[in-house]
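Below is one structure, written out as structure tokens, with a few remarks after it.
The values are calculated or read from the model by the stated rules, or taken from the named source; none is laboratory data. These numbers come from a predicted model, not from an experiment. In this analysis, Cβ positions are derived from the backbone assuming ideal geometry, glycine residues included, and neighbour counts consider all displayed protein chains.
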Amino acid sequence: MSRITSFLRQPIVVALILIVLLLYLGELLSPGFASGAQILRLMIVASLLGIVAAGQNVVILGGREGIDLSVGGVVSLSAIIAGNVMNGADGGILPAIAACLLAGAFFGLLNGLGITLLRIPPLVMTLGMLGVLQGLLVVIRMGIPSGQAAPALSRFVTQPLVLGVPGIIWLWVAIGILMAFMLNRTVFGHRIYAIGSNEHAAYMAGVPVRLMRIALFMISGMFSAIAGLCLLGYSGSSFANVGEQYTLTSIIAVVFGGTSLAGGKGGYTGTMAGAFLLVILQGILTTVNIDESGRQMVFGATLLVLMMFYGRGRAMRA
Amino acid sequence: MSKLKLSGVSKAYGATLALRRGDLEVLAGEVHVLMGSNGSGKSTLCKIIAGSVRPDDGRILIDDTPVTITGPRSARAQGIGIFYQELSLAAHRTVEENVCLAALPAKAGLFVDRTALKERAARYIALFDGVSGDGFSADALVGNLRPDQRQLVEIMKALASEAPLIIFDEPTSALDRAQVERFFEILRDLKRRGRGIIFISHRMDEIKAIGDRVTIIRDGETITTLNLGETDAGTVIRLMVGGAGDMPASQSSVPAVVDAKDGAALTVRNLSGAGFRNVSFEVARGEILGFGGLHGQGQSALLRAIFGAGAVASGEILIGSERFDAASPRDAIRRGCAYVSGDRGRDGVISGRPIIENVTPIHYLRDRLMIARPSKLSDRVAPALESMHTKFASLFHPINSLSGGNQQKVIIARWLIDRPDVLLLDDPTKGIDLSAKADLFALIRQLAAEGLGIVLYSSEDAELLGNANRILVFNGGSVSRELIGADRTRYNLYQAAYEAA
């Protein structure tokens, strides 16, 4: 009996049950909501969020109030860079990927340096970085066309690739497997958990805490950059602040998936379920004609309710 | 006449009797010294008088009238002031505000009366004119002051209470000679005015200089009260140690001299840094060198500095015959140095993570691993844990599921997969049960026998006397005495710890 209840209490199980319930609810509200094609469409949107959330996830796991509020800005910037580099030509995809990853890593590096060397709290540092990125977006867009997605990229994101499933969903699955491997089976992953659980003990056991933290923010920047690139493929052309919504939703997806905001506890599989769940919720809200501002309010409230249930990961240190 | 009288006061925390029987009488116009080793019940007794701990039993009389002290405010109202050892200052306020903090002069019961505050604070600040050092002024922010100046502010604050009875709990630990002299003049003046003073210090010379009588506490009981003029340091220390003090160290003893296998494992020359100065010693391979002395005399700071987790100002460290100045613990670990802290919650345990991940970090680093394969790691982790009889159900259970003693064994096990050359133990048995301690010391001796150089700092004298081949006694950040062979007795350990160098 207690086994069943403890199984049911796992965040990922809760998320999966909610996914089924929400799909059922969506089907009731608007027949066809849970059809195969529609679910694939939802999964494409979820994979964009899921890729951003992968970076958010490692930053939060690393603890010490780790959070990356600049992800939305990096997504937007990357979409613009990608659009301008490839400018509708397939030949520009590889240079665009390189340019986006570089930009993501660069802003992640700045975040990491500010947090470790200047000891600025992550919340403040990444919020400031978000402001910088938003300003940069305005400057870049002055008079310059925002660029076009290459056809191959759009196909990768929106059209079936293998077994009727679009490439981006395969990419997401691959990222899921890689993340699980990294967190559970590599020294790097164990060190993420170590610094998230007890930074000082990790330091005393020879973990290069600062380098680790910088690396985490760079990883986050690069995941956001990949998501920005894919987002361009999804929407065809980039427009101002396309990535804005990802800041809040990526955090909610991570928390939904059972990762503690205090760090050191959780994983990516739950986050994937959390991302899918959020996208379904978004779909239902759209179905019942709730506009963007209403959706943001629902998401904000969702995060607060989640925090009440999961707590801020009670004092971890015994 | 007696200012304060305690009889038969006791206090238990759960099953632990912190104070079994406290009897104390402080007369008007005397400086009454309290002496006892760490954990003897001295600070519990002070806390009871200051009202921050309620006694379970016993009577308290102030000016021969029975009283009940219900809390710190009630103690203050009944004329008791206290100097807190762990300073209680507001860092962002000025010196004068801190001095008057307990009773800010007010206008109309609401607004702070600035002029009155300045006047009152100035009286106490003037007491230390000339010795308070550069940068000390009434309007300086306390947060910008040096440690000794902050301690002066805390003293002024205690004096400003103008309480008939003031408790000073180690008030001189950060002060220089001139400041101590001035402070003692002030105390003598208070004596003349009929105040009662309780004074706690670990420095025998200070106690002789200022104290009138001394009450000795041992194992939660006040043993006796003596006139300091009619006794000597030896007698006082003998009373603190108790009957068995002169017995030599060894019940199951370790040899006093190790047959030096092949030279020194660790050499430290003229090392100075935050909390310790000019320390030199050598640990042979196979030797257990003990660090003794009162708490916080630089032992921990020194061990951490060797391990790269604290700053070194000057001096040199060698492991084997190679120069070793670790920039970080990571650096130290790579070069064969190990460190186990007694504060495992802060320095050791990676909470919430599986036992296996708590054992492997050092192995990852020393073997430059990238991939963590559980089956392969288990084969290395399990023997390390078993060598200390660690009790666990599965390597994959969280470390928090273990008892404190078993957690500490896990932390130590992480150093056993890739053997270090030097093992630094910083009060490693703090808060763990007796059987775990026994397992731990059996392992430490075995490691020594295998040729490791071991430094053991312990706050428990019995552990030092029973396991160390040599003991260095620390006092005020440097080594005040080395105890070798038959000199390793409880008495000598105490005497060296309490006698100022």
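Find the residue count for region A:190-210, including only residues that are more than 22 Å from the chain's Cα centre (by Cα) and more than 7 Å from chain B (Cβ to nearest Cβ). Final tally of qualifying residues: 3.
Pairing each residue of region A:232-254 that is farther than 10 Å from residue A:71 by Cβ with any residue that is modelled with pLDDT of 85 or more and of a type in the set (Val, Ile, Thr), provided the two are 6+ apart or on different chains, yields C-beta distances under 6 Å for A:233/A:157; A:234/A:157; A:238/A:80; A:253/A:271; A:254/A:60; A:254/A:271.
Can you list the helices (runs of 4 or more DSSP H) lying wholly within region B:261-363 that have 3 or more residues being touching a strand residue (DSSP E or B) at 6+ places or on another chain (Cβ under 6 Å) and either more than 10 Å from chain A (Cβ to nearest Cβ) or on the phi < 0 side of the Ramachandran plot (or both)? Talk me through it step by step, then tell me what you get.
On the way: elements: B:299-306, B:329-334, B:344-347, B:355-359.
In region B:261-363, B:299-306 are the helices (runs of 4 or more DSSP H) which contain 3 or more residues that are touching a strand residue (DSSP E or B) at 6+ places or on another chain (Cβ under 6 Å) and either more than 10 Å from chain A (Cβ to nearest Cβ) or on the phi < 0 side of the Ramachandran plot (or both).
Go through region B:19-57 residue by residue and tally those that are farther than 18 Å from residue B:78 by Cα, in contact with a helix residue (DSSP H, G or I) (Cβ under 9 Å, 6 or more places away or on another chain) and surrounded by fewer than 20 Cβ atoms within 10 Å (Cβ to Cβ). So the answer is 0.
Looking across region B:45-68, the residues that are of a type outside the set (Lys, Arg) and either over 28 Å from the mean Cα position of the chain (by Cα) or outside the structural domain of residue B:222 (by TED's automatic domain parsing) (or both) come down to B:57, B:58, B:60, B:61, B:62, B:63, B:64, B:65, B:66, B:67, B:68.
Among the candidates B:319, B:350, B:333, the residue that is buried (at least 19 other Cβ atoms within 10 Å of the Cβ), aliphatic (A, V, I, L, M) and under 26 Å from the mean Cα position of the chain (by Cα) is uniquely B:350. Screening residue A:65 on (1) over 27 Å from residue A:255 (Cβ atoms); (2) touching a residue at least 12 places away in the same chain (Cβ under 8 Å) shows it passes everything except condition (1).
Is it the case that region B:399-413 has a residue that's within 13 Å of chain A (Cβ to nearest Cβ) and in a loop (DSSP other than H, G, I, E, B)? So far as region B:399-413 goes, yes, one or more of its residues are within 13 Å of chain A (Cβ to nearest Cβ) and in a loop (DSSP other than H, G, I, E, B).
Got a number for residues in region B:364-399 being among the acidic types (Asp, Glu) and under 22 Å from residue B:335 (Cα atoms)?
Matching residues across region B:364-399 total 1.
Among the conditions (1) touching a helix residue (DSSP H, G or I) at 6+ places or on another chain (Cβ under 9 Å); (2) surrounded by fewer than 24 Cβ atoms within 10 Å (Cβ to Cβ); (3) within 17 Å of residue A:268 (Cβ to Cβ), the only one that residue A:237 does not satisfy is (3).
The lone criterion from (1) surrounded by 15 or more Cβ atoms within 10 Å (Cβ to Cβ); (2) free of Cβ contacts under 8 Å to residues at least 60 places away in the same chain left unmet by residue B:370 is number (1). Condition check: among the aliphatic types (A, V, I, L, M), under 20 Å from the mean Cα position of the chain (by Cα) and modelled with pLDDT of 95 or more. Does residue A:18 satisfy that? For residue A:18, the condition - among the aliphatic types (A, V, I, L, M), under 20 Å from the mean Cα position of the chain (by Cα) and modelled with pLDDT of 95 or more - is not met.
Would you mind stating whether residue A:113 is over 24 Å from residue A:265 (Cβ atoms), out of contact with any Gly (no Cβ under 9 Å at 6 or more places or on another chain) and not small (Gly, Ala, Ser)?
The answer is yes for residue A:113.
Taken as a whole, the condition of being surrounded by 15 or more Cβ atoms within 10 Å (Cβ to Cβ), under 13 Å from residue A:221 (Cα atoms) and at pLDDT 85 or above applies to residue A:126. Could you look through region A:1-56, keep only residues that are not hydroxyl-bearing (Ser, Thr, Tyr) and not in a helix (DSSP H, G or I), and pick out the one that is farthest from residue A:100 (Cα to Cα)? Checking each candidate, the answer is A:1. For region B:201-246, a residue qualifies if it is part of a strand (DSSP E or B) and either closer than 19 Å to residue B:295 by Cβ or in contact (Cβ under 8 Å) with a residue 60 or more places away in the chain (or both), and the qualifying residues are B:213, B:214, B:215, B:216, B:217, B:218, B:221, B:222, B:225. For first residues located in region A:75-92 and under 21 Å from residue A:249 (Cβ atoms), partners that are of a type in the set (Phe, Trp, Tyr) and lie 6+ apart or on another chain with Cβ distances below 8 Å form the pairs A:75/A:246; A:77/A:107.
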